[in-house]
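K.L.:
Below is a structure I'd like to ask you about.
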Amino acid sequence: MLRELSVANLALIERLRIEFEPGLNILTGETGAGKSIIIDAVGLALGGRFSGEMVRAEADALQVEAVFELEEPEKFRPALDELGIELGDDHLLILSREAGSSGRNRCRINGQTVTVSTLAKVGTMLMDIHGQHEHQSLLINEKQLAILDAFGGKSLAEAAGQVAEAYERWRWLRQELARLDGDIEDRARRMELLNFQLQEITEAQLTPGEDGELAQERAILAGAEKLYAAAAESYQRLYGGEAGDCVLDQLAAVERALMSAVEIDPKLAPVVELIREAACQAEEAAHEIRRYRDAIPFNPERLEEVERRLDLLTKLKKKYGQTVDEILAYADKIRAELDEVENRDVRRAELERELAEVQERLATAALTLSRLRREAADRLEQAVTAQLAELNMGRTAFTVELSRTETADGLPLADGRWAITASGLDHAEFLVAPNVGEGAKPLAKIASGGELSRIMLAIKAILAEVDAIPTMVFDEIDTGIGGRTAQAVAEKLLLIARSRQVICVTHLPQIASMAHRHLYIEKTTDGARTRVNVRPLEMQGRVDELARMLGGAEVTETTRRHAQEMLALAETVRLRKVGKKL
């Protein structure tokens, strides 16, 4: 459960710390006081969507931190281990997030840096947030199917996974077969083009890397005269000049002059040795230059042949690749495609055999999933109808209609071909009949805002019994209701809070009166800045707040007495339904 929430620089919140308790935690306050900002803060801590506009004016970043205490840590440990998150002996999970107006995020769990997506994965295990207007999602068929699947439990989830896996393979095999069975004329034209390209590349008899080698050879052949002149001059200066003019003669003269000086000063001996080494290296260089000069090719015919070869390579590069190696790789690709086309019948037979196997597996899995959904739908109908009776909708009948769509290109079954997706064959639609004798109609056509809120609350109450999420958040679940219905909703929230921590933002005193912990949100201003504050209410504070909610702007002794009576009634209800005092 959520034990503590710390917030800094979020919207109107400068700095805030809120403690929550087990059971029903209620948040109330004037309209516009910032109640939903608290829910936004919880959402951010759980990896929810962030925008730079959330950062308080003049601040660089916002910070949120949520401390959760796991009452049954072993249920969470496998998933946490898979995510690489360590859980200490205190069984606390501390989720923190810092988000800047520039969009930068820093997320941590128990001090360990994680991604926003990891934060969100952990968040879905810890809390179910029902935000404002979320009950409108009940009007979406995909959401209705997801609710049914969530209610169906482990066996239905396993069947859904088998369908999704088989469907993806089935869809891919059908696409491959369609590709193989493409237009015959197009395929013939494609083969003709590929054969021409392969022949053109093959006849060129390319060698890997030859373009670079030929370019170097062309440079040498084209520059043969310059190369010869440079080598000849260099050899002449080193070795072949007139007596006394070449480098070797000069070095010999230097050596002789220094030898006579060494007799006077032996320190010059190393210098003499360097001169000798230089003379040896110069002589060796002269011999190498002479050999190079004598081997320089003067071959116009070869130069012309190289130019023609390079021209051919240039033409091929314009068509098939920037280098010879790329052209050869393209040729291998052509061979593979031609081989596939030429062996299309063999490949097609293989795909058809696998498709038949996968199709049979998919059909079996899809029918199993449909059967489990029908069984789950029957149970859900009974459960929701019973819950609605407790929410002052006793004459309302709730029905789950499962249907399929027939299509010529669908999954073949015994009774026809049916459209299928990774979710299976079924479309789910929630129907309600508000009064006895009336036909059931889709929610979108019959349910009011208040009715949708109660139906969603009924579903949430049912799902709370089958999932392991320890905390449920309701942001204004009281939309469009009042009077006896409000009392029924309050009692339903109280019952959910027996096994789950519930955090609820409300405008209704009937719901607020049931609180185990009542938090009051208020907005204050000092003339320069506006701030949101939260404080827990003791008994007198609760009386005053309920009196405000009952009487509006003017709080009178009458509304206070009414508030006291409401709190006393709430305690009676708590004792009767839960067995605990407020």
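K.L.:
Return only the number of the condition from (1) crowded, with 17+ Cβ neighbours inside 10 Å; (2) assigned to a helix (DSSP H, G or I); (3) of a type outside the set (A, V, I, L, M, F, W, C) that Asp378 does not satisfy.
P.N.:
Answer for Asp378: the failing condition is (1).
K.L.:
Which one of these does Arg335 not meet: (1) outside the structural domain of Leu238 (by TED's automatic domain parsing); (2) surrounded by 15 or more Cβ atoms within 10 Å (Cβ to Cβ)?
P.N.:
(2)
K.L.:
Something else about it: For segment 439-449, how many residues are at pLDDT 70 or above and over 14 Å from Gln144 (Cα atoms)?
P.N.:
Residues meeting the conditions: 4.
One line per residue, one yes/no per condition, for (1) under 22 Å from the mean Cα position of the chain (by Cα); (2) of a type in the set (Gly, Ala, Ser); (3) modelled with pLDDT under 85:
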residue	(1), (2), (3)
Glu72	no, no, yes
Glu82	yes, no, no
Arg108	yes, no, no
Val114	yes, no, no
Asp128	yes, no, yes
Gln136	no, no, yes
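K.L.:
Among the listed residues Ile94, Ile26, Ile18, identify the single one that is touching a helix residue (DSSP H, G or I) at 6+ places or on another chain (Cβ under 6 Å) and in a strand (DSSP E or B).
P.N.:
Ile26
K.L.:
In addition: Here are the criteria: (1) touching a Phe, Trp or Tyr at 6+ places or on another chain (Cβ under 7 Å); (2) in the same structural domain as Asn9 (by TED's automatic domain parsing); (3) under 30 Å from Asp378 (Cβ atoms). Tell me which single one Val466 does not satisfy.
P.N.:
All conditions are met except number (2).
K.L.:
Given the options Val473, Val543, name the one that is crowded, with 16+ Cβ neighbours inside 10 Å and under 21 Å from Ser6 (Cα atoms). Step through it out loud before you land on a result.
P.N.:
On the way: Val543 fails: under 21 Å from Ser6 (Cα atoms).
None of the others qualify; the one that does is Val473.
Let's see how each residue does on (1) within 20 Å of Asn343 (Cα to Cα); (2) surrounded by 15 or more Cβ atoms within 10 Å (Cβ to Cβ); (3) touching a Cys at 6+ places or on another chain (Cβ under 9 Å); (4) at pLDDT below 80:
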{"position": "Arg189", "(1), (2), (3), (4)": "yes, no, no, no"}
{"position": "Gln205", "(1), (2), (3), (4)": "no, no, no, no"}
{"position": "Glu210", "(1), (2), (3), (4)": "no, yes, no, no"}
{"position": "Ala229", "(1), (2), (3), (4)": "no, no, no, no"}
{"position": "Ser234", "(1), (2), (3), (4)": "no, yes, no, no"}
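K.L.:
Could you check Lys318 against (1) of a type in the set (D, E, K, R); (2) surrounded by fewer than 11 Cβ atoms within 10 Å (Cβ to Cβ); (3) touching a helix residue (DSSP H, G or I) at 6+ places or on another chain (Cβ under 6 Å) and say which number it fails?
P.N.:
For Lys318, the exception is condition (3).
K.L.:
Sticking with this one: State which residue is surrounded by the fewest Cβ atoms within 10 Å (Cβ to Cβ) when the search covers only segment 345-374 and only residues that are touching a residue at least 60 places away in the same chain (Cβ under 8 Å) and closer than 30 Å to Leu457 by Cβ. Let's see the steps before the verdict.
P.N.:
First, the residues of segment 345-374 that are touching a residue at least 60 places away in the same chain (Cβ under 8 Å): 347-348, 351-352, 354-355, 358-359, 361-362, 365-366, 368-369, 372-373.
Those still in the list that are closer than 30 Å to Leu457 by Cβ too: 369, 372-373.
Numbers: Leu369: 26, Leu372: 21, Arg373: 25.
Out of the qualifying residues, it is Leu372.
K.L.:
Please determine whether any residue of segment 553-563 is within 19 Å of Leu2 (Cα to Cα) and either under 37 Å from the mean Cα position of the chain (by Cα) or surrounded by 15 or more Cβ atoms within 10 Å (Cβ to Cβ) (or both).
P.N.:
So far as segment 553-563 goes, no, none of its residues is within 19 Å of Leu2 (Cα to Cα) and either under 37 Å from the mean Cα position of the chain (by Cα) or surrounded by 15 or more Cβ atoms within 10 Å (Cβ to Cβ) (or both).
K.L.:
Can you find a residue in segment 442-449 that is without any contact (Cβ under 8 Å) to a residue 12 or more places away in the chain, over 30 Å from Lys35 (Cα atoms) and not assigned by TED's automatic domain parsing to the domain that holds Met1?
P.N.:
yes
K.L.:
Here is a further query. Could you pull out the residue among Gly43, Gly29, Gly34 that is crowded, with 19+ Cβ neighbours inside 10 Å, in contact with a Phe, Trp or Tyr (Cβ under 7 Å, 6 or more places away or on another chain) and in the same structural domain as Met125 (by TED's automatic domain parsing)?
P.N.:
Gly29
K.L.:
Go through segment 84-98 and give me each residue that's under 25 Å from the mean Cα position of the chain (by Cα) and modelled with pLDDT of 90 or more. Write out each step before concluding.
P.N.:
Pass one, segment 84-98, residues under 25 Å from the mean Cα position of the chain (by Cα): 84-87, 93-98.
Leu93, Ile94, Leu95, Ser96, Arg97, Glu98 - these are the residues of segment 84-98 that are under 25 Å from the mean Cα position of the chain (by Cα) and modelled with pLDDT of 90 or more.
K.L.:
Further question on the same structure: Inspect all residues belonging to segment 131-154 and state whether any of them is out of contact with any Cys (no Cβ under 8 Å at 6 or more places or on another chain), surrounded by 16 or more Cβ atoms within 10 Å (Cβ to Cβ), assigned to a loop (DSSP other than H, G, I, E, B) and small (Gly, Ala, Ser).
P.N.:
Within segment 131-154, one or more residues are out of contact with any Cys (no Cβ under 8 Å at 6 or more places or on another chain), surrounded by 16 or more Cβ atoms within 10 Å (Cβ to Cβ), assigned to a loop (DSSP other than H, G, I, E, B) and small (Gly, Ala, Ser).
K.L.:
Would you be able to tell me the number of residues in segment 194-240 that are within 30 Å of Ala282 (Cβ to Cβ) and not in a helix (DSSP H, G or I)?
P.N.:
1
K.L.:
Can you tell me which condition Gly153 does not meet? The list is (1) closer than 30 Å to Glu465 by Cα; (2) among the small types (Gly, Ala, Ser); (3) at pLDDT 90 or above; (4) under 26 Å from the mean Cα position of the chain (by Cα), and all the others hold.
P.N.:
The one condition Gly153 does not meet is (3).
Every residue, every condition in (1) over 13 Å from Ala231 (Cβ atoms); (2) touching a strand residue (DSSP E or B) at 6+ places or on another chain (Cβ under 8 Å); (3) of a type outside the set (A, V, I, L, M), yes or no:
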position	(1), (2), (3)
Lys267	yes, no, yes
Val271	yes, no, no
Arg276	yes, no, yes
Ile289	no, no, no
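K.L.:
Test Val358 against the stated conditions and say whether it is touching a helix residue (DSSP H, G or I) at 6+ places or on another chain (Cβ under 7 Å), over 23 Å from Leu177 (Cβ atoms), assigned to a helix (DSSP H, G or I) and not small (Gly, Ala, Ser).
P.N.:
no
K.L.:
Under 8 Å between Cβ atoms, at least 6 apart or on separate chains: pull out the pairs that start in segment 21-38 with a residue that is under 20 Å from Ala461 (Cβ atoms) and polar (S, T, N, Q) and end on any residue that is in a loop (DSSP other than H, G, I, E, B) and modelled with pLDDT of 80 or more.
P.N.:
Asn25/Ala515; Asn25/His516
K.L.:
Please tell me if Ile327 is surrounded by 12 or more Cβ atoms within 10 Å (Cβ to Cβ) and within 20 Å of Ile220 (Cα to Cα).
P.N.:
Considered against the rule, which asks whether it is surrounded by 12 or more Cβ atoms within 10 Å (Cβ to Cβ) and within 20 Å of Ile220 (Cα to Cα), Ile327 comes out as no.
K.L.:
When segment 159-187 is examined, which residues are found to be closer than 15 Å to Glu342 by Cβ, of a type in the set (Lys, Arg) and without any contact (Cβ under 8 Å) to a residue 12 or more places away in the chain?
P.N.:
none
K.L.:
Taking segment 319-341, which residues are charged (D, E, K, R) and in contact (Cβ under 8 Å) with a residue 40 or more places away in the chain?
P.N.:
Lys319, Asp325, Arg335, Glu337
K.L.:
Exactly one of (1) touching an Asp or Glu at 6+ places or on another chain (Cβ under 9 Å); (2) assigned to a helix (DSSP H, G or I); (3) charged (D, E, K, R) is unmet by Glu401. Its number?
P.N.:
Status for Glu401: all satisfied but (2).
K.L.:
Of the residues that sit in segment 506-526 and are out of contact with any Pro (no Cβ under 7 Å at 6 or more places or on another chain) and charged (D, E, K, R), which one is nearest to Ser453 (Cα to Cα)?
P.N.:
Glu522
The values are calculated or read from the model by the stated rules, or taken from the named source; none is laboratory data. From a predicted model like this one, the values you see are computed outputs, not experimental measurements. Here Cβ is always computed from backbone atoms with ideal geometry, including for glycine, and neighbour counts include all displayed protein chains.
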